[in-house]
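Okay, structure first, notes after.
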Amino acid sequence: MLLAVGSLTGAGQAPSSPEGQTTAPSATQAPMTKEQAKELFRSVDEILSFVSTDTKLPIEHSVKRKLISRDEVNRYLRDKFDEDEGAKRMERSEIVLKKFGLLDRDFHLRPFLLSLLTEQIAGFYDNKTKTVNLLDWIQPDEQKPVLAHELTHALQDQKVGLTKWSDVSLNGTSRNVQEDNRHLQVDEAETARDAVAEGQAMAVFVDYTLRSTGRTIADAPELADRLKDQVADTSGSPIMARAPLMLQESLLFPYSEGLSFEQDILVKAGKEAAFAGVLANPPSSSFEIMHPDAYMAHTPVPVLRLPDIHPLIDAEYMPYDLGVMGELDVRMLAELFGGREIATALAPAWDGGLYYAAQRKSAVTAAEKESTASISLLYYSRWKNPDSARSFMRIYANQIPRKYSGVVRRSKDEADEEERVYSTNEGDVLISRSGTKVFIGEGFNLALSRKLRDSIASVQTVGPMHLAVLPRHEPSLAMARLLESFGAINAGSLQRYTATGATLPSDIVR
């Protein structure tokens, strides 16, 4: 997946990273008193019991608790950000995201993420120390619903061991065709597992808030959609509100889509299937999260394969990154390039996609390596019908003049009406369609792009390839992976929800 800071990088789980976090609704409040702290500490066991009953996940042992200050939280998050392998891989993914046009060329990802981390923190469960960290500047009544969310992570951890369960990615850059396809087969599992973990915790958060009404997320089918809209509201987060569309959607995905996934399993298969069952047999892709029926029916996930392209490119290029372009990535690309209406219509027609990025060996200096001009990119996608493939080709081609300068269309070099050939300041661009397949080559010379296109087309099977074991990564979801590993993603502001007679607290993240 594109935005997995472990996707477009292979998001890595930091061993000591917090598994959950929630945004402070009243961040300017004075530190709580000793009596308030005692009250909050006492509530942990009571809420843990509620979570166990609500999820049917057993309590294996009590959960340690710790009260920490804002300065301690910020220092911890900054230290972990500097140490985390996912954060380091994120820096590589930034160039590819810019090459795709998902981030502006002048956007600086690292300072943005650091600002977001320190803005959003409000509480988290640390799966290394097995401790729920409570914040001394949030009043007890405001933290209790958050505790229901965080203690869900604690029981998940006791059930499956979250560090090991979450970390199923492959590290390092692949160097041959076997490694390439192994990466593609395991590219998105961490994203899907994050959505499971967060979807379950969001469901428990809602159930805890509704407990006085006797209702739950399972018997309020209208609730999840309304909550998704509120999760997407970034008005409570100035930094998130300024974030590019891709960052907003990918960071919120585990909470909004994860909640919908969880509710669907709850309604159709029951509590044990939705919690212990999904933890034991987690989905492996964002496609399954977005389509719970496909997960429950064990529908094969569309995964394309790469031929051995190394003999074609290794003389001039070094492997840089590769991964799955999933349905979420397509939805974000289509919305960014063509608008929400087009994205809503086009994304369900996605039927598989992959990308491969290579860096020119001639890029030697740090400045050269950090430039999108050093990266050549191929993107191969498959669609459920030719009209959708044609529509995607058109909206992508319309974006080329916005991504590059010096763009000149070379109609005389186009083999037929299904090709678009351009010269740009960063090299040739080829966009072509054959039936339901669309190939995009950016930066490779035209002859090489055509060879790569034909080689990739020749190895695709008619039906979808079954995923091997577990992982994959979509570029756009990998980012969520990084911030989730810190418990730092703001799932938006869950504003007052009163349709069921209940009042939901305002900001919930992890």
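The values are calculated or read from the model by the stated rules, or taken from the named source; none is laboratory data. Every value quoted in this text rests on a predicted model; they were computed, and no experiment measured them. No Cβ is skipped: glycine too gets one built from the backbone with ideal geometry, and neighbour counts run over all protein chains shown.
Points worth noting:
- Pairs are defined by a Cβ separation below 7 Å, a sequence spacing of at least 6 or placement on different chains, a first member in the stretch 249-267 that is within 14 Å of Thr152 (Cβ to Cβ), and a second member that is in a helix (DSSP H, G or I) and of a type in the set (Lys, Arg); the pairs so defined are Leu259/Lys228.
- Where Asp225 falls short, out of the listed (1) farther than 20 Å from Met290 by Cα; (2) surrounded by fewer than 23 Cβ atoms within 10 Å (Cβ to Cβ): (1)
- Residue in the stretch 180-193 that is of a type outside the set (Lys, Arg) and touching a Phe, Trp or Tyr at 6+ places or on another chain (Cβ under 7 Å) present: no
- Here Leu306 meets each of (1) out of contact with any Asp or Glu (no Cβ under 7 Å at 6 or more places or on another chain); (2) farther than 27 Å from Tyr255 by Cβ with one exception, condition (1).
- All positions within the stretch 327-382 that are among the hydroxyl-bearing types (Ser, Thr, Tyr) and either in contact with a Pro (Cβ under 7 Å, 6 or more places away or on another chain) or in a strand (DSSP E or B) (or both): Tyr355, Tyr356, Ser376, Tyr379, Tyr380, Ser381
- In the stretch 61-76, the residues that are under 23 Å from Glu39 (Cβ atoms) form Cβ pairs under 7 Å with partners that are of a type in the set (Gly, Ala, Ser), at six or more places apart or across chains, as follows: Val63/Ala154; Leu67/Ala37.
- The stretch 239-264, subset of a type outside the set (D, E, K, R) and in contact with a Pro (Cβ under 8 Å, 6 or more places away or on another chain), residue nearest to Arg215 (Cα to Cα): Gln263
- Test for Met240: is it among the aliphatic types (A, V, I, L, M) and in contact with a Gly (Cβ under 7 Å, 6 or more places away or on another chain): no
- For the stretch 179-214, the set of residues classified as of a type in the set (Val, Ile, Thr) and at pLDDT 85 or above consists of Thr191, Val196, Val204, Val206, Thr209, Thr213, listed by residue number.
- Among the numbered conditions (1) surrounded by 21 or more Cβ atoms within 10 Å (Cβ to Cβ); (2) in a helix (DSSP H, G or I); (3) of a type in the set (Gly, Ala, Ser); (4) at pLDDT 95 or above, the only one that Ala480 does not meet is (4).
- Filter result (modelled with pLDDT of 70 or more and either hydrophobic (A, V, I, L, M, F, W, C) or part of a loop (DSSP other than H, G, I, E, B) (or both)) within the stretch 110-128: Phe112, Leu113, Leu114, Leu116, Leu117, Gly123, Phe124, Asn127, Lys128
- Extreme residue, surrounded by the most Cβ atoms within 10 Å (Cβ to Cβ), among residues of the stretch 412-421 that are farther than 19 Å from Ser376 by Cα and in contact with a Lys or Arg (Cβ under 9 Å, 6 or more places away or on another chain): Glu414
Residue-by-condition table, conditions (1) in contact with a Pro (Cβ under 8 Å, 6 or more places away or on another chain); (2) charged (D, E, K, R):
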| residue | (1), (2) |
| --- | --- |
| Glu83 | no, yes |
| Lys99 | no, yes |
| Leu103 | yes, no |
| Leu114 | no, no |
| Asp187 | yes, yes |
| Glu190 | yes, yes |
| Asp194 | yes, yes |
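- Checking each residue in the stretch 156-178 for being over 23 Å from Asn127 (Cα atoms) and either modelled with pLDDT of 90 or more or in a strand (DSSP E or B) (or both) picks out Asn176, Val177, Gln178.
- Taking (1) modelled with pLDDT under 95; (2) outside the structural domain of Val96 (by TED's automatic domain parsing); (3) crowded, with 24+ Cβ neighbours inside 10 Å in turn, Arg340 satisfies each apart from (3).
- Residue ID - farthest from Ser256 (Cα to Cα), chosen from residues in the stretch 180-216 that are basic (Lys, Arg) and part of a helix (DSSP H, G or I): Arg182
- Restricting the stretch 399-446 to residues that are touching a residue at least 60 places away in the same chain (Cβ under 8 Å) and hydrophobic (A, V, I, L, M, F, W, C), the residue that is nearest to Ser388 (Cα to Cα): Phe439
- Scanning the stretch 219-234 turns up one or more residues that are modelled with pLDDT of 85 or more and of a type outside the set (Ser, Thr, Tyr).
- Residue selected from the stretch 383-429 under the condition assigned to a helix (DSSP H, G or I) and among the β-branched types (Val, Ile, Thr), by the criterion farthest from Gly101 (Cα to Cα): Ile395
- So Tyr404, is it under 21 Å from the mean Cα position of the chain (by Cα), hydroxyl-bearing (Ser, Thr, Tyr), modelled with pLDDT of 95 or more and farther than 23 Å from Ile289 by Cβ: no
- Verdict on Ser405 being in the same structural domain as Leu322 (by TED's automatic domain parsing) and crowded, with 21+ Cβ neighbours inside 10 Å: no
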